[in-house]
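Novice: Okay, handing you the structure first.
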Amino acid sequence: MPFVRLRRALALLLSVTLLSFALACGGDDDELAEDEEEGGAEVAAAAYKPSGNEGTLAGVVNLNGSAPERRAISMDADNACAANNPNPLSEDAVVNSGKVQNVFIYVKEGKTAEGRSLTAFSFAPPAAEVLLDQKGCQYLPHVLGMMNTQKLRVTNSDPTTHNVNAQPKSNQPFNQAQSSGAPAIVKEFPRAEAQVPVKCNQHPWMKAYVHVLRHPFHAVSGADGSFQIAGLPPGTYTVAAWHERFGEKTQTVTVGAKEQKTQDFQFDAAAASLEFRPGSLEVLPAIEFPMLMKH
């Protein structure tokens, strides 16, 4: 009887082993098939080599209608801020003589003159780091663009402590205190992501936006509303202009070989959102939080 039981146990063990082996082999085949399918659908990005025929896209961002009034910001909650920036104004809508500042203009998608998608190429990042300073208890610049392979260097030029709180959705967030004279905070955003908000826990009026792209074809409009995107391969593209209050406008733009293309954008004042919220001026503790990864 014990021998019969042993034979049954061995038979059962052999069956389970064979079944596990079969499932494992089947799983590998499925994964290989998926890998082959993905490999067939994706083409490795080739490094873009300038041909000498690149063009330039330039223009001006205008506002149709009366601009929202810039609000005075009270910095009395921090004497250092008040002393270094006696007449601060809100930055959510800066319009000068009908020209809109701090608009992020970028190539959203498109194809080159040869019919290749812009995403089929990889682009070498600029050697320089992108600088975000804290001066007068405001972020300078208010809006910036960078490539996902660049480094962001955050500095503090103020005689007070700030708390740099960046909360991207696709990249790793960070929330880090930075005292006066402290070393720069240097970070990277490996993934492309638009409109990464950067705030300060200490001073709730402080806010900036970082836009991360996989290519260098972007710009931010200046005080006169002007912008320029250089080195653009000849082709037809969807170009977007984004503003935190006025939303996003897109246009189809064709740039010829060595062409100096002009394309203006226009926002409507009536479409401005009510996003601006002055918030509480209560100074919050400058707590340094650990780096957290979103899942």
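Novice: ARG153: accessible area at probe 1.4 Å, nearest 10 Å²?
Specialist: Spelled out: ARG153, probe radius 1.4 Å, area about 80 Å².
Novice: Explain nothing, just the number: dipole magnitude of the stretch 178-282 about its Cα centre with +1 on each Lys and Arg Cβ and -1 on each Asp and Glu Cβ, in debye rounded to the nearest 20. Mind dumping the intermediate values first?
Specialist: Details: 10 positive and 10 negative charges, 51 e Å.
Using Cβ point charges on Lys, Arg, Asp and Glu, the stretch 178-282 gives about 240 debye.
Novice: At a temperature of 4 °C and a viscosity of 1.567 mPa s, determine how fast the stretch 152-210 diffuses translationally according to Stokes-Einstein, using the Kirkwood radius over alpha-carbon pairs as Rh; express D in µm²/s, rounded to the nearest whole number.
Specialist: It comes out at roughly 109 µm²/s.
Novice: Now, a different point. Beyond a 20 Å Cα-Cα separation, which of these cross-linked pairs lie in this structure: LYS108/LYS187; LYS99/LYS249; LYS49/LYS258; LYS151/LYS249; LYS111/LYS187? Mind showing how you got there, number by number?
Specialist: Details: LYS108/LYS187 24 Å; LYS99/LYS249 15 Å; LYS49/LYS258 15 Å; LYS151/LYS249 28 Å; LYS111/LYS187 31 Å.
Distance filter (> 20 Å) returns LYS108/LYS187; LYS151/LYS249; LYS111/LYS187.
Novice: Here's a follow-up. Multiplying the sequence separation of SER180 and LYS258 by 0.36 nm and subtracting their Cα-Cα distance, what value in nm do you get? Walk me through the numbers before you get to the answer.
Specialist: Details: separation 78, 0.36 × 78 = 28.08 nm, distance 4.67 nm.
Contour length minus Cα-Cα distance gives 23.4 nm.
Novice: Peptides 99-107, 197-205, 127-135, 53-61: what's the order by average Cβ count within 10 Å, highest mean first?
Specialist: Numbers: 99-107: 23.4, 197-205: 20.8, 127-135: 15.3, 53-61: 18.9.
Ranking, from highest mean packing down: 99-107, 197-205, 53-61, 127-135.
Novice: What is the dipole size for the stretch 91-245, taken about its Cα centre, with +1 at each Lys and Arg Cβ and -1 at each Asp and Glu Cβ, in debye to the nearest 20?
Specialist: Details: 14 positive and 11 negative charges, 59 e Å.
For this selection, approximately 280 debye.
The values are calculated or read from the model by the stated rules, or taken from the named source; none is laboratory data. Note that the structure is a prediction, hence the values are computed from the model and not measured. Positions of Cβ are backbone-derived with ideal geometry, glycine not excepted, and every protein chain shown enters the neighbour counts. Side chains are part of the model used for accessible areas, which takes the heavy atoms of the whole protein and leaves out ligands, DNA and RNA. Shrake-Rupley method; radii C 1.70, N 1.55, O 1.52, S 1.80 Å.
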